[in-house]
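Participant: Have a look at this one.
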Amino acid sequence: MIDQGGTGLSSYTAGDLPYFASGTAFSKLTVGNANTVLTSTGSAPQWSTNLNFAALVLSGNLTLNGGTANGVLYLNGSKVATSGSALVFDGTNLGIGTTSPASALQVQRASANPTVNITRTTTSAQTLGESLYLRLNDTVGNSPRTEIGMGYGIPGTTTYTPAIIGYVQTSSSGQTYGDLYFATRTATTDTAPTERMRLDSSGNLGLGVTPSAWFSASRVYQFGSGGALEGRTNESQYLALTANQYIDSAGAFKYIGSTFASRYQQYNGAHSWSTAASGTAGNTITFTQAMTLDAGGRLYLGVVS
């Protein structure tokens, strides 16, 4: 009997847990099954296969005996909390497929095609700038370059990649704007690639050169140290092939470099060839129209039709 120092329970099984039920009554909880934990209903103990962490507050550090050092805790296919070398965070860098990430995010895979897929599931129409799959932002507004490097490189060891697609900010006003450029290298050493092509914010393309500040209606393919092929957004009958010459924002002919200049132009069905004496880079050019083939097929030498 309880009042005589007993439990009031007549039989036990190994592993049973006696507990005070109510009043002067004792009860017992039989031993639980494997992989169960002792919890409470609020009035009595029970064995459970699930833990409710909604109101559970942990203080101090939680230590796991298993898992991988720096491994990110996740639920595996059996919904078991685990960690491994597939996903690692060292407090600064996050690694996927590597246990020693050398940058803020490093993705590594031994297979032939370590693909990263970003997929949009909606089929709704999107305007230019809304169909973003990858966005590289600068929230400061004064960072001059944003680049994507491609080719051979060892994270944390090599400084440069063999090829780059990049953006360079050319105006810090308001929401900013800038140019898109492409760079490659011919050296096999760890050296910076060289810019080979640039598409500026006005829509002009430079191959081996940054396009000059052309007239707003001009759309230009500029190449080498002075060659250019120019069309116009407002004149479909206009085309010009020029050497050492560009048209500035005011519509004036300007020297690109300090040497001779020439231009061949098609306009309203007529062809004209013009030359200019050697001048100074940035100065205004005075062209002489040396030859003209008009729309009627008549050829003029040294005179304007």
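FYI, it's all coordinate maths here, none of it is from the lab. All figures in this text were calculated on a predicted structure; none of them were measured in a lab. Positions of Cβ are generated from backbone atoms using ideal geometry, with glycine treated the same way; all protein chains shown enter the neighbour counts.
Participant: Under the Kirkwood approximation applied to all pairs of distinct alpha-carbon atoms, what is the hydrodynamic radius of the chain in Å? It would help to have the intermediate numbers written out before the result.
Facilitator: Working: mean 1/r = 0.0359 Å⁻¹.
Its Kirkwood hydrodynamic radius stands at 27.9 Å.
Participant: Related question: Looking at the stretch 95-245, I'd like the Rg to Rh ratio, where Rg is from alpha-carbon atoms and Rh is Kirkwood's inverse mean 1/r. Could the numbers behind the result be given before it?
Facilitator: Numbers: Rg = 19.5 Å, Rh = 18.8 Å.
Across the stretch 95-245, the Cα-based Rg/Rh ratio is 1.04.
Participant: Using alpha-carbon positions, what is the distance between the centroids of the stretch 154-209 and the stretch 69-96, in Å?
Facilitator: Measuring centre to centre over Cα atoms gives 36 Å.
Participant: If you don't mind, there's one more thing I want to ask. Stick to Cα atoms and the Kirkwood definition of Rh, then tell me Rg/Rh for the stretch 205-301. Can you show the working numbers first?
Facilitator: On the way: Rg = 13.2 Å, Rh = 13.6 Å.
My calculation of the ratio gives 0.97.
Participant: Could I ask something else about it? Which of Leu17, Thr186, Thr82 sits closest to the plus end of the dipole of the chain, meaning its Cα is farthest towards the positive end, when Lys and Arg get +1 and Asp and Glu get -1 on the C-beta?
Facilitator: With unit charges placed on the Cβ atoms, the residue in question is Thr186.
Participant: Which GluC sites (Glu not before Pro) in the stretch 193-238 sit in a loop by DSSP (not H, G, I, E or B) and have at most 14 other Cβ atoms within 10 Å of their own Cβ? Intermediate results must be reported in sequence, preceding the final value.
Facilitator: Values: sites: Glu195, Glu230, Glu235; in loops: Glu235.
Sparse-neighbourhood loop GluC sites (Glu not before Pro): Glu235.
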